[in-house]
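One structure below.
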Amino acid sequence: VLYDTNGFLDKNRDPLSSEVVQLLSSCDGQLPQLFAKKMFNQPLQSVTSLDTPMQSVALQFKGQLFKLMHQLESTRSHFICCIKPNSKQLPGTYEEDLVLQQLRCYGIFEVIRISRSGYPTRMTHQAFTERYGFLLSEPIVSQDPLSISVALLKQFNVLPQMYQIGYTKLFLRTGQISALEDRRKQVLRGVIEVQKYFRGHRARRLFHELNKGAKIVCGENIRRKYAAESNRCSAFASQLLDEQLTAVIYLQSVIRGWLARRHFNNMHNLKQSNRGSVKSRRKMGRKIFEAKDMLHEQQIQVLPSVMAELQRRVLKAETNLGQKEHENATLREQLQKSEA
């Protein structure tokens, strides 16, 4: 705490009141009159004059006190009672005896006792009905706030010594309103749950309706677009099909012409080969006949080894001739099939 020394000794220099000055001045002795003159250093007339009131320290304190009281009455002050947990001012330390002593010194126990013996909870019947009226399980015939308050107290089994009923207000002892508050919170929580599920159901139903409508509109638009696209595609497909058929027919004509030409060339080559094989067969027969004649003519003059070689050649030529005849027969059959 910091103190200011300016004016600290003013209370010791407090001037005497006018009555004291008059008493000292009216004395017959010289000492009181001299004391009055020396101490106050002012003429007796000014001291004894009552025109201007003398402001002593007590009057100043009294004026300041009245000013403070007026300020306190015009404001809503809140006082906080601080309790020291320990005498060593250490954190996290709690001394039960010290705290209990402070509570007793501050009168907290007396305040609690007085509060419990009185009726700290005071509510008008109108406010009590508006706050807890919906907790009634059965509606009553009389709808005035007083009757509803009495019915609520009976429903929650509040003892008669725990409340007092007035004409306009209801007085409850400490702790009696907590049961009503708990029941009110429980009911409101259940109401909120019901509202939550109902709002969720309504939101889901609205969503399904909007979704269904959106699907219908979207499906109608898609079907409309599909119909237009199918018409356009059908027209384009018919045109494309005509073009493709024309191209296929042209391609078929080209392929068929190429196949016919190739078949004609094959037939022509086959006829040429048949003619060549007939000629070669005739030449081969002529050569064989000439060789037989020469062999017959020179049979006496040819040696045995040469005779054997010639016989082997003859057999080989006959074998080749048989193969050629077989090939000619096969080619004739193929030619007949091709002509057919």
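The values are calculated or read from the model by the stated rules, or taken from the named source; none is laboratory data. Here the structure is a predicted model, which means the values were calculated and not measured. Counting neighbours? That spans all protein chains shown, and the Cβs are built from the backbone with ideal geometry, glycine included. The accessibility values were calculated without ligands, DNA or RNA, using every heavy atom of the protein model including side chains. Shrake-Rupley method; radii C 1.70, N 1.55, O 1.52, S 1.80 Å.
For segment 319-340, enumerate the residues that are without any contact (Cβ under 8 Å) to a residue 40 or more places away in the chain, over 13 Å from residue 271 (Cα atoms), of a type outside the set (Ser, Thr, Tyr) and open to solvent by 50 Å² or more (accessible area, probe 1.4 Å).
Hits for segment 319-340 are 320, 323, 326, 337, 340.
When you check residue 155 against the structure, is it among the polar types (S, T, N, Q) and within 29 Å of residue 86 (Cα to Cα), yes or no? Spell out how you get there, then give the answer.
Details: among the polar types (S, T, N, Q): yes; within 29 Å of residue 86 (Cα to Cα): no.
Criteria not met by residue 155.
For segment 248-287, which positions are under 15 Å from residue 339 (Cβ atoms) and either at pLDDT below 80 or open to solvent by less than 70 Å² (accessible area, probe 1.4 Å) (or both)?
Scanning segment 248-287 gives 260, 267, 270, 274.
Is at least one residue of segment 194-201 at pLDDT below 85 and among the basic types (Lys, Arg)?
No, segment 194-201 has no match at all.
Can you pull out every residue in segment 76-119 that is outside any loop (DSSP other than H, G, I, E, B) and open to solvent by less than 60 Å² (accessible area, probe 1.4 Å)?
Once the filter is applied, which keeps residues that are outside any loop (DSSP other than H, G, I, E, B) and open to solvent by less than 60 Å² (accessible area, probe 1.4 Å), segment 76-119 yields 98, 99, 102, 103, 108, 115.
Taking segment 154-165 as the region of interest, how many residues are in contact (Cβ under 8 Å) with a residue 12 or more places away in the chain and either open to solvent by less than 60 Å² (accessible area, probe 1.4 Å) or under 23 Å from residue 188 (Cβ atoms) (or both)?
Qualifying residue count for the region: 5.
Being touching a residue at least 24 places away in the same chain (Cβ under 8 Å) and open to solvent by less than 50 Å² (accessible area, probe 1.4 Å) is the filter; apply it to segment 120-130 and report the residue that is nearest to residue 145 (Cα to Cα).
125
Mind checking which residues of segment 166-191 are open to solvent by less than 70 Å² (accessible area, probe 1.4 Å) and either aliphatic (A, V, I, L, M) or in a helix (DSSP H, G or I) (or both)?
Across segment 166-191, the qualifying residues are 170, 172, 177, 178, 179, 180, 181, 184, 187, 188, 190, 191.
Six or more apart or on different chains, Cβ atoms under 8 Å: show the pairs whose first residue is in segment 207-227 and in a helix (DSSP H, G or I) and whose second is open to solvent by 100 Å² or more (accessible area, probe 1.4 Å).
Every condition considered, no pair remains.
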